Every structure is written in structure tokens, then in C-alpha cells.
Amino acid sequence: MDARARRSREHLRDAVLDLAGRMPIADVTASAICTAAGVTRDTFYRHAESPVDLLADALSSEIAEAMEILPRTDAIGDGERALLEHVLRRADVYRGAMHPLLAAPVRSNLERSIRSGLELWVHLHPDIVPPDFRDDPSAMAIAFAYAAAGTVGSIEEWLRSGDDDIDRAVRLILAASPEWWLR
């Protein structure tokens, strides 16, 4: 991506995050994003299909940064904490994307990011995988899907509760997780 396109993408991401932090994403228009970002509608549609898709992209980029901790830690709880710190920092945005569940593109990107983090975790710590899952890609796919969707569901409940206690949320999500992830 050339420098101009990269700048446009960053302006669009900043604009959608700002607007979605002040109003539900369902009320954010492409025109409002373009005005805030100082770009044309043509530029907007070269980067995203809709405001919610652009929001999912912007959040996905931030989640990826938060998950950079995984290769540098021996505790999956550190990754969970980094993810929840991101969610709390953007709580208004996430809450504005819930009706009552997260908008599909936002939820999908969050699940995909968590799944990717779990796949990396297993790659870094293959000894945690139970015998029933070893050498069975289908079983691992089920484990990844279950853990990612469950984590997103837990995050949605945490956001709905209005509880900003990250330590408590990390403890509860990990307590609800299969023990083998925590080894």
C-alpha cells in the first residue's frame, strides 16, 4: 500500500473509531466518516464496504497490537488481559456496536483474532494439547472455535455488565476455560 493510501486508511480508521465512540455504529454514516477523515466517498469505498466493516478493520488492527504479547509470555492470562485492556479502552465503541450482540463484522474479527492468538499459543506451547486433540486438526479446530466464540460471548457479557474490573474479568474468563489452555 502506498503512503497516500496508508494515510487515508489511518484517517478513516481514526474517524470511525471517534464517531463510533460517540454514537452507535448503526447511526454512523459513510458520509460522516468521510467528512471527519477529510476524504471522498470514493476513497472510503476503496477501503471498506460499510462503516461497520471499517470499524471491524480498525479494531482488528488494535487487537493485533494487543496480541503481540503472546510470544513474550508464559501465561495465557497475559494475552487475555491485553485483549480486555483493549476492549476496556474502546468500551464505548464496542457497546455502540452491540444490539444486543456485537455487529457481525466486529464479532467475526474479534473471534478471528482470538482464534489466531490461540493457534499461536498452541504453536508456542504444544505440550498443553490433550491427547484426544493431538494429531487431529478437526478436534483442534473445534477447540479453537469453542474457545474463541466463548471468549467473545464472555466479553459481550462483561461489556453489558458495565464492570470495568479487568482482573475480575480475566479471572472469570480463565476459570470458565478448559484447564488445558491454562497449563
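The values are calculated or read from the model by the stated rules, or taken from the named source; none is laboratory data. In this text the structure is predicted, and so the values were computed from the model without any measurement. Cβ: placed from backbone, ideal geometry, glycine included. Neighbour counts: every protein chain shown. Side chains are part of the model used for accessible areas, which takes the heavy atoms of the whole protein and leaves out ligands, DNA and RNA. Shrake-Rupley method; radii C 1.70, N 1.55, O 1.52, S 1.80 Å.
In whole angstrom, note down how far apart the Cα centers of region 139-156 and region 86-122 are. So the separation of the two Cα centres works out to 12 Å. With a/c under 1.5 counting as rounded, go ahead and sort region 77-183 into rounded, prolate or oblate using the C-alpha gyration tensor (a ≥ b ≥ c being the square roots of the eigenvalues; past the cut-off, prolate if a/b is larger than b/c, else oblate). Judged from the Cα gyration tensor, region 77-183 comes out prolate (a/c at least 1.5, a/b above b/c). For region 57-112, just say rounded, prolate or oblate: build the C-alpha gyration tensor, square-root its eigenvalues into a ≥ b ≥ c, call rounded for a/c under 1.5, and beyond that prolate if a/b exceeds b/c, oblate if not. Prolate, because a/c is 1.5 or more and a/b exceeds b/c. Within the accessible surface of region 1-123, defined with a 1.4 Å probe on protein heavy atoms only, the carbon and sulfur portion equals 49 percent. For the chain, the 222 nm mean residue ellipticity estimated from helices alone, with every DSSP H stretch of n ≥ 4 adding -39500 (n - 2.57) and the total spread over all residues, rounds to -22500 deg cm²/dmol. Just name one of HIS123, LEU102, ALA145: the one whose Cα is farthest towards the positive end of the charge dipole of the chain (beta-carbon charges, Lys/Arg +1, Asp/Glu -1). Farthest along the dipole direction, towards plus: LEU102. Taking all protein chains into account, the per residue accessible area for region 62-160 stands at 50 Å² (1.4 Å probe).
Relative to the Cα centre, the charge distribution of the chain, modelled as +1 at Lys and Arg Cβ and -1 at Asp and Glu Cβ, gives a dipole magnitude of about 540 debye.
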